[in-house]
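Undergrad: One structure is given below, represented as structure tokens, and several questions about it will come after.
The values are calculated or read from the model by the stated rules, or taken from the named source; none is laboratory data. These figures come from a predicted structure and were not determined experimentally. Every residue, glycine among them, receives a Cβ derived from its backbone with ideal geometry; neighbour counts consider all protein chains shown. Accessible surface areas use protein heavy atoms only, side chains included; no ligands, DNA or RNA. Shrake-Rupley method; radii C 1.70, N 1.55, O 1.52, S 1.80 Å.
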Amino acid sequence: MPNIYSLKQNLFLYLTPRQKSQLLSYLKSFVKKYSNLSIDDIFDKFIEEENYYFEIENPHFEFIIEYFENEDFYKDFKLFAQAVFEELKYKEAQKPVIEAQKAKMREFRKKAQDFKMSKMKPTKKQLFYYEKVTKAHGVPMKDVTNASRLELRDWIMEIIEPAEELQEDD
């Protein structure tokens, strides 16, 4: 089965490029919306909806009403719907790979941020907060003269996290 992009060029040749673009865009979302149905059921539902909108004089695509009985329209619709189903299946198969890539990138950004923080001096707010946390928890302060932002953040977390765990146990 050819991919959806090369397939678009060969479908609905009796429509203008603008009409074709509008129709294919709508059909793609329509097929995705009803992906739990078979292609024939989706086609029937599409025809039913378009006829309904035509009857109430508010059609989405008044230019295709005349093609509903045409066999070429059905064939083109079926080919396009199959291509959309295959695209959905492909995207579903790629989901674990993409999630793994996202997780690796998050980890990489965290390491880059930690490296950057390890080279920077702590802020005044961070020093003040560290001082307050150590006094509040009765923990002796470590020497902060040559400490980095990363070290200070880790020291603060060492003090706060055990205190939070004790509160949760109560």
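Undergrad: Give the stretch 36-78 a look and list any residue that's open to solvent by less than 80 Å² (accessible area, probe 1.4 Å) and outside any helix (DSSP H, G or I), or say none.
TA: L37, S38, P59, F61, F68, N70, listed by residue number.
Undergrad: When you go through Q101, Q9, Q22 one by one, which is the residue that is modelled with pLDDT under 90, out of contact with any His (no Cβ under 9 Å at 6 or more places or on another chain) and not hydrophobic (A, V, I, L, M, F, W, C)?
TA: Of the residues listed, the single one that is modelled with pLDDT under 90, out of contact with any His (no Cβ under 9 Å at 6 or more places or on another chain) and not hydrophobic (A, V, I, L, M, F, W, C) is Q9.
Undergrad: Kindly indicate whether any position in the stretch 140-160 is modelled with pLDDT of 90 or more, β-branched (V, I, T) and assigned to a helix (DSSP H, G or I).
TA: No: the stretch 140-160 contains no residue that is modelled with pLDDT of 90 or more, β-branched (V, I, T) and assigned to a helix (DSSP H, G or I).
Undergrad: Pairs, please: C-beta under 9 Å, at least 6 apart or cross-chain, first residue without any contact (Cβ under 8 Å) to a residue 12 or more places away in the chain and in the stretch 127-150, second in a helix (DSSP H, G or I) and of a type in the set (D, E)?
TA: Close Cβ pairs satisfying both conditions: M141/E131.
Undergrad: For the structure I just gave you, tell me whether F54 is closer than 15 Å to Q82 by Cβ and of a type in the set (F, W, Y).
TA: no
Undergrad: Would you check which residues across the stretch 79-126 are among the polar types (S, T, N, Q) and in a helix (DSSP H, G or I) and list them?
TA: Q82, Q94, Q101, Q113, S118, Q126
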